[in-house]
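**Q** Following this message is one structure expressed as structure tokens.
The values are calculated or read from the model by the stated rules, or taken from the named source; none is laboratory data. As the structure is a prediction and not an experimental result, all values here were calculated from the model. Counting neighbours? That spans all protein chains shown, and the Cβs are built from the backbone with ideal geometry, glycine included.
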Amino acid sequence: MRVRKIDVLVVGGGAAGIAAAAAAAREGADALLIERNDRLGGVLEQCIHPGFGLHRYREELTGPEFAHRLLGEFDSSGAEAVTGCTVLEVNPQGPSVVAASPKGLLKFRPKALIWATGARERPFGALRIPGARPAGIYTAGLAQRLVNIHGLLPGRKAIVLGSGDIGLIMARRLHLEGVEVVAVLELRPFPGGLMRNVVQCLEDFGIPLLLRHTVAEVHGKDRLQGVTVVEVDEEGRPLPGTERYVEVDTLVLSVGLIPENRLIEGFVPLDPLNRGPVVNARLQTEVPWLFAAGNNVAVFDLVDSVAALGARAGTFAARYARGELPEGRAVPLVRGENVLHLVPHRLVPGVPTPVYIRVPHPLPRARVSIGGVVTRNHVGVRPTEMIEVKLSGEALEELAGLPEVRVEVSPA
Amino acid sequence: MRIAVIGAGAVGALIARELTRYEADVLLFEREADVGWGVTKANSAIVHGGFHEAPDTVRARFCAPGNAMYEGLCRELDVPFRRVGAYVLAFGEEELAVLRELQAQGEENGVPGLEIHSREEVLAREPHVNPEVRAGLWSPTVGITEPWTVAIAAVENAVANGLKLHLAEEVTGIEVRAGRVQAVVTGKGRYPVDAVVNAAGLFADRIAEMAGLKEPVLFPRRGEYILLDKAASGLVRSVLFPAPTEKSKGILVLPTVDGGVLLGPTAEDLPRGAREAVETTPEGLRRVVEGARRLVPGVDLSQAIKTFAGLRPESPQEDFVVGPTVVKGFYQAAAMRSPGLTAAPAIAKWLACEVMASELSLSRRGSFNPIRKGIPRVAELSEAEWEELIRKDPRYGRIVCFCNRVTEGEIVEAIRRGARSLDGVKFRTRAGFGRCQGGFCTDRILQILARELGVEPEEVPLRDPSSPLVMGKVRP
Amino acid sequence: MKKRLICISCPVGCELTVEVENGKVISVSGNRCPRGEAYAREEAVEPRRVLATSVKVLGGELPLVSVKTDRPIPKNLIPQIMELVKGLSVNAPVELGQVILENLLDTGAKLVATRAVPRLPQEPLNPGVRPAAGPP
């Protein structure tokens, strides 16, 4: 097997990985990006709708355009990329990484590794919905790839389960392509995606959003024939007597993304709520040579945040590879009330960082507190939109002096 | 000499394979579009020990001998098989008494190695078992396999030995004259034959009726299952049974050959007509969870990746109906409820090589080759073997199913061997069987199928033409 | 006439009430900031959207190229523009930013490609194997 030594190896060629490899190369590192698909860009390629780049490029771009800009930064950075190359294992001794490609098995010995593998969609099988197992049930991401990349229509009459952003986007996309979209169902009492998507993807086209509804059963032996839609109570349990049969040939699922960390979860501590590695402000995990960025750390709302994290991880990984990232003091950030997702988990003195917070349920008015040092009042905090608090300067130094920093969102 | 076998499940496939040892034209008819898509596709995948069966039954006669044949069979056919052993777990004194009865029954059936283990021994071997366990009956010969691969491999081997496979061809009539089988009639034609083997699974009663026989009487018994991801693989090492009830072996927790964990099945008797009722139900899935957690309280449902249901062909006497009948040339291998998969190799051997060979005066062919090589699984190769494979064909370096590490090379080979659908590829390669359940690879497999078969992607189905995956082009 | 809208200018999602008479906005209420008022004034009278969809590609590595309108177009024209787009095709190679169609339904908006689609190689080097970028 061929062995290649490298300063920084980045696994995953989506927004986080591309930004990470480019930043590492700009920081002077010999940086290599490996991607299992044939093209770089990850999920951006199939997200042909606008809404990307407002933070990073101060301009509203579509997914492919955002990817193109990012790849422009990558190309000029001097980083290299290999596509069609799938990582098989990460050996914490060494460390080393083994990957498969049509040219053979490849082994890498990086000084620093950046994990940027993104997230996978929660599958239908995980929902344990009773009924038959016909054709016509797709996760929203798969439906999006079929339509936007392969030019294939999944069906003629669809219902969407879950109002996550991809579900909303796909409801609009299918509607525009002539598929009748009967409704979008959401188990919770509030939409799972951004308000802007509720308005522009559903209301614009008269697609009903049914909150506190789910699919109780799927019907159809060969191809999906219909679903039983049911109302649910506060705990998400079906309310007897509210069942109704809806004839559809397609069920699109947008029921959550799961950070993908299978190959590293055996040796790196994960945050059970984020479902991604514990990271400090440098995006360094508890294993010093392993950095992580993007949706495998926690699922983010905006690709801009993902790319920003990737770039930070790239810069710090390059410094680590040069031996210029001394292990110093790190101050734990701990969850207080109303904090579901939290990134990062440690502050590092002198390293300005955004803190990303996701609340578990909507709060009409909220006060966000970072260690009591930085506080902010918010109107209308929702689980669908992360709160981002930038820490730097004196506030950061004051926080860095504490034994631990409590992050909380209290109703105001 | 021409013999028709009806039903390409594990039972029919193994019988057809045994028959290709003889000078005869062997035809295998299957109503589904692929091999092993009936009862064989959705069951517990266990090679049973034989202690569950009452000694005076046909089940008992063939179960332990069938078990003993599995190693050799799976070696010849390159099918995964692991003798992981099993525990029947007792909670309380009453159930401990049941274990003693099972042990005695197993010994009478010739099941080797049965031992009753103390609570401590059980927990040492299976630390996730409910600590309230009183004792366990250990059966070291119990194994796990992939039933559909048994059927696929047996058919591939039989085809290599001259079998003619007729897929998607439902038998609609059996011609009997003067008490002797004359011909098999299907939707596509009439085939004069000297003998027929009825291995039609859930539909074996209908085939028997076509020959004028009243046996077997069948009704479907539904079993629902939950499959957990490989992340759960540390949960159990062996097959865990509860103490059995009158009706069934109960809800189990067991490892699968590819590293997942299977929970189930329920045992729900359905009306005779409900032979395609493979829907899961809220009640059934609730029972699976409850039953599994009684044995292993730590079952984590967030690791569930699939729920499914299968039907077993059950008869009022709860026993197999195998052997010759009053209609000359008409043989039964029917009512193959549990432990049908285990008994299948022994029944196939007995029916083909003893009963039929003698009654039909079959003569051996010199050229029978019992060896079938499976599709290479890169996930199970050494690095050197895999490298070699990629050197010969770079498509073995291109991973398509990331969860189960299945390459384009394996998928292309599966298509070369007869896969014509997404499920055809899935059951031959495990692509799409993993934790993302095809979320990342369905479109890629669809493209490969369309390319290799020279058809449009819209023509590639989940299973057969009645289950299309996509319904047209965005821009035709 | 009163129209109720949800403001999408920021995550707060204020519920706005807009009073419109003869196509003119008389008043906006419910907004917490000036951006909300601006949003309401346009949204109530002539809502506009950027439309993103796909155009058929002939002879390309992909069957479709993603496209968008280069500026927001009146929302009520979306169905007509979709019908127009469904009849279009473009030859590969397609460049990012390439104008596929000018002046959509006299709106002044252009339909532009949002990605590149290379031409399909005439003869694949190794049939059945799609060329991949080489390993290092």
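**Q** Within 11 Å of chain C (Cβ to nearest Cβ) and either modelled with pLDDT of 95 or more or more than 17 Å from the chain's Cα centre (by Cα) (or both): which single residue out of A:Leu32, A:Leu54 fits that description?
**A** The conditions single out A:Leu32.
**Q** Residues that are closer than 25 Å to A:Leu251 by Cα: find the helices (runs of 4 or more DSSP H) completely inside the range B:386-476 holding 3 or more of those.
**A** Fully inside the range B:386-476 and qualifying: B:422-429, B:442-453.
**Q** Which ones in the range C:81-95 are loosely packed, with under 15 Cβ neighbours inside 10 Å, within 12 Å of chain A (Cβ to nearest Cβ) and within 13 Å of C:Leu105 (Cα to Cα)?
**A** C:Glu83
A quick yes/no check of all residues on (1) farther than 17 Å from B:Ala348 by Cα; (2) assigned by TED's automatic domain parsing to the domain that holds B:Lys328; (3) basic (Lys, Arg):
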site	(1), (2), (3)
B:Thr149	no, yes, no
B:Ile152	no, yes, no
B:Val159	no, yes, no
B:Ala183	yes, yes, no
B:Lys188	yes, yes, yes
B:Ala200	no, yes, no
B:Ala204	no, yes, no
B:Ala208	yes, yes, no
B:Leu213	yes, yes, no
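**Q** Tell me yes or no: at least one residue of the range A:13-26 is more than 10 Å from chain C (Cβ to nearest Cβ), more than 30 Å from C:Arg48 (Cβ to Cβ) and assigned to a loop (DSSP other than H, G, I, E, B).
**A** Yes, the conditions are met somewhere in the range A:13-26.
**Q** Based on what the data block shows, is B:Val111 on the phi < 0 side of the Ramachandran plot, outside any loop (DSSP other than H, G, I, E, B), not small (Gly, Ala, Ser) and not assigned by TED's automatic domain parsing to the domain that holds B:Val155?
**A** no
**Q** When only residues in the range C:1-42 that are among the acidic types (Asp, Glu) and closer than 28 Å to A:Leu302 by Cα count, which is nearest to the chain's Cα centre (by Cα)?
**A** Result: C:Glu42.
**Q** When you go through (1) part of a loop (DSSP other than H, G, I, E, B); (2) more than 12 Å from chain C (Cβ to nearest Cβ); (3) free of Cβ contacts under 8 Å to residues at least 60 places away in the same chain one by one for A:Leu40, which number turns out not to apply?
**A** Of (1) part of a loop (DSSP other than H, G, I, E, B); (2) more than 12 Å from chain C (Cβ to nearest Cβ); (3) free of Cβ contacts under 8 Å to residues at least 60 places away in the same chain, only one is false for A:Leu40: (2).
**Q** Report whether or not B:Ile445 is at the interface with chain A (Cβ under 7 Å from one of its Cβ atoms) and either under 21 Å from A:Leu174 (Cα atoms) or of a type outside the set (S, T, N, Q) (or both).
**A** Judged against the criteria, B:Ile445 is not a match.
**Q** Same structure, new question: Suppose we keep only residues that are aliphatic (A, V, I, L, M) and facing chain A (nearest Cβ under 9 Å) within the range B:385-402. Which one would you say is farthest from the chain's Cα centre (by Cα)?
**A** B:Ile390
**Q** Going through the range A:41-50 one residue at a time, which ones are buried (at least 23 other Cβ atoms within 10 Å of the Cβ) and hydrophobic (A, V, I, L, M, F, W, C)?
**A** Those that are buried (at least 23 other Cβ atoms within 10 Å of the Cβ) and hydrophobic (A, V, I, L, M, F, W, C): A:Leu44, A:Cys47, A:Ile48.
**Q** Can you tell me how many residues within the range C:103-115 are in contact with a Leu (Cβ under 8 Å, 6 or more places away or on another chain) and more than 14 Å from chain A (Cβ to nearest Cβ)?
**A** 4
**Q** Sticking with this one: Tell me which residues, restricted to the range B:417-476, are at negative phi, under 20 Å from the mean Cα position of the chain (by Cα) and free of Cβ contacts under 8 Å to residues at least 60 places away in the same chain.
**A** Residues satisfying the conditions are B:Leu422, B:Val425, B:Lys426, B:Thr429, B:Ala431, B:Leu462.
The rows are residues; the columns are (1) assigned to a loop (DSSP other than H, G, I, E, B); (2) buried (at least 24 other Cβ atoms within 10 Å of the Cβ); (3) in contact with a helix residue (DSSP H, G or I) (Cβ under 9 Å, 6 or more places away or on another chain).
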| position | (1), (2), (3) |
| --- | --- |
| B:Leu27 | no, no, yes |
| B:Thr40 | no, yes, yes |
| B:Pro65 | no, no, yes |
| B:Glu71 | no, no, no |
| B:Val79 | yes, no, yes |
| B:Val88 | no, yes, yes |
| B:Glu94 | no, no, no |
| B:Ala97 | no, no, no |
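**Q** Name the single residue, out of those in the range B:254-283 being surrounded by fewer than 14 Cβ atoms within 10 Å (Cβ to Cβ) and outside any loop (DSSP other than H, G, I, E, B), that is farthest from the other protein chains (Cβ to nearest Cβ).
**A** Out of the qualifying residues, it is B:Asp269.
**Q** I would also like to ask the following. Filter the range A:104-133 for residues that are within 30 Å of A:Ala321 (Cβ to Cβ), at the interface with chain B (Cβ under 7 Å from one of its Cβ atoms) and among the basic types (Lys, Arg) and give the result.
**A** Result: A:Arg120, single match.
**Q** So the check is Cβ under 9 Å with 6+ separation or different chains; which pairs have a first residue in the range A:391-412 that's closer than 11 Å to A:Val373 by Cα and touching a residue at least 24 places away in the same chain (Cβ under 8 Å) and a second one that's assigned to a loop (DSSP other than H, G, I, E, B) and basic (Lys, Arg)?
**A** Taking only residues 6 or more apart or on different chains, the pairs are A:Ala400/A:Arg329.
**Q** So for the range C:51-73 (the condition being β-branched (Val, Ile, Thr), within 14 Å of chain B (Cβ to nearest Cβ) and in contact (Cβ under 8 Å) with a residue 60 or more places away in the chain), does at least one residue qualify?
**A** So far as the range C:51-73 goes, yes, one or more of its residues are β-branched (Val, Ile, Thr), within 14 Å of chain B (Cβ to nearest Cβ) and in contact (Cβ under 8 Å) with a residue 60 or more places away in the chain.
**Q** Could you check the range A:89-103 and list, in sequence order, the residues that are assigned to a strand (DSSP E or B), buried (at least 19 other Cβ atoms within 10 Å of the Cβ) and within 13 Å of chain B (Cβ to nearest Cβ)?
**A** Hits for the range A:89-103 are A:Ala99, A:Ala100, A:Ser101.
**Q** Still on this structure, I have one more. Any idea how many residues of the range A:275-294 are surrounded by fewer than 23 Cβ atoms within 10 Å (Cβ to Cβ) and either closer than 29 Å to A:Arg173 by Cβ or within 12 Å of chain B (Cβ to nearest Cβ) (or both)?
**A** 1
**Q** Now for a separate question. Would you pick out the residues in the range C:8-32 that are among the hydrophobic types (A, V, I, L, M, F, W, C) and either within 23 Å of A:Gly193 (Cα to Cα) or surrounded by 14 or more Cβ atoms within 10 Å (Cβ to Cβ) (or both)?
**A** Matches in the range C:8-32: C:Ile8, C:Cys10, C:Val12, C:Cys14, C:Leu16, C:Val18, C:Val20, C:Val25, C:Val28.
**Q** Identify, please: which residue in the range A:60-77 is touching a strand residue (DSSP E or B) at 6+ places or on another chain (Cβ under 9 Å) and not in a helix (DSSP H, G or I) and is, among those, nearest to the other protein chains (Cβ to nearest Cβ)?
**A** Checked the range A:60-77; the qualifying residue nearest to the other protein chains (Cβ to nearest Cβ) is A:Thr62.
**Q** Would you check which residues across the range A:365-392 are more than 14 Å from chain C (Cβ to nearest Cβ), under 10 Å from A:Val409 (Cα atoms) and hydrophobic (A, V, I, L, M, F, W, C) and list them?
**A** Result: A:Ile370, single match.
**Q** Can you say whether B:Ile144 is under 20 Å from the mean Cα position of the chain (by Cα), in a strand (DSSP E or B) and either assigned by TED's automatic domain parsing to the domain that holds B:Arg430 or within 24 Å of B:Gly9 (Cβ to Cβ) (or both), as far as the supplied structure shows?
**A** yes
**Q** Right, next: Can you spot a residue in the range A:137-146 that is closer than 26 Å to B:Leu285 by Cβ, hydroxyl-bearing (Ser, Thr, Tyr), within 7 Å of chain B (Cβ to nearest Cβ) and in contact (Cβ under 8 Å) with a residue 40 or more places away in the chain?
**A** Yes, the conditions are met somewhere in the range A:137-146.
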